[in-house]
Amino acid sequence: MKRFNLFINALLLMLVAVGCNEDFDTPPMVVPHAEHQANMTIAEFKAKYWQDGRNFIDTCKEDTYIHGWVTSSDEEGNIYKHLYIQDETAGLGISIDANSIYSSYRVGQEIVISMKDFWIGKYNGEYLIGKPEWYAAQSVWEAGRMTLDQFKEHAELEGLPNLEKIAPVEVEISDVVGHSDRETQLKYQGQFVIIRNVEWEGADGEITYSESASSTTRNIKDEDGNVLGVNNSNYANFRGDPLPLGKGDVQGILYMTGSDKWGLYLRDTNDCMGFSNDTKGYPSDPWTVTEAIELQNQGKKGWVTGYIVGAVAPGVSEVSGNSDIEWSAPTTLDNTLVIAPSADVRDYSQCIAVALPQGSSFRRDASLRDYPELLGTQIWVKGTLAGFMGMAGIIDNSGSTEEYRLSIMTGGVTELYEDFEECVKNGSMPSGWKLVRAKGDKDWYIDEFDNNKYASVTGYSGKQPPFDAWLITPALDITNAGRKEMSFLSKVRYYRATDKLEVYLMSTNDPATAQLIKLDPTLASASEGGQSDFISSGTIDLSQYSGTYCIGFRYVSEQQSNYTTWQMDNFKFGGKALLQTIDDFETMNGGQTTAQQGWTNLASTKGWTATNAALLMGGVNDAAPVFQMIGKKADGSDNWAYAVHLNGNINSKGILTSPVFKGGLSKLTLNYGYVLSESNGVKFNIYFFSQDPRTNPVQNPIRSFTVNEPSAAQKTAYTATLDVNISGDCYMEIIPASPTNSTSNKDRVAIWNVMWDPAE
């Protein structure tokens, strides 16, 4: 006990002494020193172990040491799991299965590497230090990624990082492009280089280093037209930055691909130097009409923005006064536009003129003769600033959609129905639909479940939150639509209140520039983490709007651990397409009819099934299994309808089962009849269930109907129209009622042109 007390007292004295001493010495900086020195240059080492071909691996057996200074950095995310070094003679890549390598190996850090029992080889043409991996597809060994610990076992740091040691080697594009010989590869592969006086192809102030969906190669071009690809990762922090404008110098790491093509890796945007900051004339910073007039006939090319105020009058080839312009709309001709700095200008000397080339998209979309509503609206036009028809103008505009932009849409469809059933899972959206990523790296996509396809979006697996993803319809002509209405179905899964689905009326299909009017549809809802059924939006009245618009479905989410999945289906706008959908019996049995008594099982593309049934078809003459009474399909096409012929045998009744009616239905219409003389009228039952009766056969119907036509005539079409009025997902079964209770086939019935209106 006495010893313990002495120990406590001593400890307290030490703590007091430390507590009273507020002046601590700064710990000395530890400068690393390698135990070994290089005995071979990188150039000598690469030459000694070189092998032709795209893939190989070899092991160094000698006591060989090389050294180099780090030239690469993965800090900005553009260089992935690679480290590059170079000495006074050459550069070399090192493949390491690790992220944030820059935190251990800073740019300018000298490294001494022991190559004994270490590996050197190629991976798809690139010469690297890397771990042996077997490439089964080509039956060859290659240089794969080693672990960071494996590299550290062979690498020693020498001194502190020194940026003066990594001056880039100046090269011309022509020094490497087109040269895949051994000497050129040994000299330049893995080398940190600078290429002077180049420009980025396609740079317009808007095009970015990389697309968001995948890594993208952008080209730099020199004055002689030589081109080198620069590979930019879609995970790079600067992925969304616009490419530099004008001319300047670009530096980075040269590498060789398996197709014997050279490429360049940037470390960050500081590797682009001396480029212009002048964005005038680019899409993001167009000239005004006033500026364009001042720059006439100087060879300037680019974008101009202004307001549409008229068109050159008929019979005028040289504008000499205000009377030569039609200042109102619609105009007589469709071949020119006159553009002013503001919508109220009526002085031709303050305006510029541009042609609308015959047969072009520009003329189709932008003439005041066809679209007088364009008068006074803003427009963006690309071309050369030069005189046209005796006044200031824009020439060399081809009329393509890439060379003009309107502030409002023109044209458009008057009705649209899209259920996405013709799409392929994870494939493209339907024609005319547009995807836009305003933020992040997630898009809407086509998904499928339970024989139903739909558009879906989620932040799950996204790498670049926050997310702002748009799904945008084709142009919709509200003015000329028969019914100025729209509707759709939505469903939510893994609901998080922080994730939102928003729906907008858009003046164009570009969220960045469009006028956005937020709509208030009914959207699916669920408890936190839960999911819903498909829910109808209800009928959305658009009659207060005139002109052409798009509908934009916007998914917004901040970074979080879990993300909501939103689904959208059955988009309907205007006209007949809003009123009803129709069966697809023509897809059963590959479109091939069966014998009228050849009872079998049938299934359609959209999920209709029939058991103990046959497939009949409409036609001009009765020649079983083709019957005149079935006639044409009621979808407005000129195609013959197909009918499902259900067995009426009391012991083996046929059953026709529908796919899910998402969101329910209000009205059901169908054609029916019988084709054989021994039938005794027609009677059948229609049942509606909340769950699929094919997988949940034991359930009570939520609604049922009986169709009975005891005096029905043979080979005669009848129509049944039912007010079903079910809200929420449901399924339907049609079963013969077999009025004679016969074990023969007297009570069979044919069903076709099944149509339904969605629930309101």
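Some values worked out for this structure:
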item	result
Of Gln150, Ser507, Pro625, farthest towards positive along the dipole that unit charges on Lys, Arg, Asp, Glu beta carbons give the chain	Pro625
Lys, Arg +1 and Asp, Glu -1 on Cβ, resulting dipole of the chain about Cα centre, debye, nearest 20	2620 debye
Sum of -39500 (n - 2.57) over DSSP H runs of 4+, divided by residues of the chain (222 nm, nearest 500)	-2000 deg cm²/dmol
Estimated translational D of the stretch 495-633 in µm²/s (Stokes, Kirkwood radius over Cα pairs; 10 °C; 1.306 mPa s)	81 µm²/s
Given charges at beta-carbon only (K, R positive; D, E negative), |dipole| of the stretch 178-220 in Debye	300 debye
Rg(Cα) / (2.2 N^0.38 Å) computed for the stretch 266-405, rounded to two decimals	1.12
Area projected by the alpha carbon convex hull of the stretch 276-328, averaged over all directions, nm²	4.9 nm²
Pairwise centroid distance, computed over Cα atoms, of the stretch 609-642 with the stretch 507-527, Å	42 Å
Cα-projected label distance for Ala213 with Arg106, points at 7 Å along beta-carbon direction, nm	4.1 nm
Listed residue (Ala759, Ser490, Pro465) projecting farthest to the positive dipole end of the chain, Cβ model	Ala759
With every protein chain in place, the stretch 388-502: carbon and sulfur % of accessible area (1.4 Å)	47 percent
Viscosity 1.002 mPa s, 20 °C: Kirkwood-radius Stokes-Einstein D of the stretch 588-671 over Cα pairs, µm²/s	155 µm²/s
Acute angle (nearest 10 degrees) that the helix 2-20 long axis makes with the longest principal axis of the chain, alpha-carbon atoms	90 degrees
Fraction of accessible area attributable to carbon and sulfur, the stretch 46-144 (%, probe 1.4 Å)	41 percent
Dimensions (Å) - the stretch 637-676, Cα atoms, principal axes, largest first	34, 29, 15
The stretch 670-734 - percent of accessible surface contributed by carbon and sulfur, probe 1.4 Å	41 percent
Subset of Lys221/Lys434; Lys633/Lys746; Lys633/Lys667; Lys439/Lys463; Lys453/Lys572 violating a 20 Å alpha-carbon distance limit	Lys221/Lys434; Lys633/Lys746
Solvent-accessible area per residue for the stretch 242-343 (1.4 angstrom probe, square angstrom)	42 Å²
Under 18 Å from the Cα of Lys425 - aspartates and glutamates, other chains or at least 8 residues apart	Asp443, Asp447, Glu448, Asp450, Asp569
Global geometry of the stretch 58-193, whether rounded, prolate or oblate, following the gyration tensor of its Cα atoms and the 1.5 cut on a/c	rounded
Projected label distance in nm at Gln358 and Arg694, using a 7 Å step from Cα toward the beta-carbon	5.7 nm
Whole-Å distance, taken between Cα centres, linking the stretch 375-441 and the stretch 98-128	48 Å
Simple spin-label estimate for Lys48 and Ser527 in nanometres, 7 Å along Cα-Cβ	7.0 nm
For the chain, average projected area of the Cα convex hull in nm²	54.2 nm²
Kirkwood hydrodynamic radius of the stretch 103-180, from inverse mean 1/r over distinct Cα pairs, in Å	15.3 Å
In Hz, Karplus ³J(HN,Hα) per residue of the stretch 34-43 (6.51, -1.76, 1.60; θ = phi - 60°; x = Gly, Pro)	6, 6, 10, 10, 5, 10, 8, 6, 5, 4
Selected from Thr706, Val309, Tyr417, residue furthest toward positive end of dipole (the chain; charges at beta carbon)	Thr706
Compactness of the stretch 412-568, expressed as Rg and Dmax over alpha-carbon positions, Å	15.2, 46
Surface per residue (accessible, 1.4 Å probe) for the stretch 108-179, Å²	50 Å²
Rg/Rh (Cα only; Kirkwood hydrodynamic radius) as it applies to the stretch 157-307	1.05
Surface per residue (accessible, 1.4 Å probe) for the stretch 513-652, Å²	42 Å²
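The values are calculated or read from the model by the stated rules, or taken from the named source; none is laboratory data. This is a predicted model, so every value here is computed, not measured. When we count neighbours, we look across all protein chains shown, and the Cβ atoms used for this are built from the backbone with ideal geometry, even at glycine. Just the protein is used for accessible areas: all its heavy atoms, side chains included, with ligands, DNA and RNA removed. Shrake-Rupley method; radii C 1.70, N 1.55, O 1.52, S 1.80 Å.
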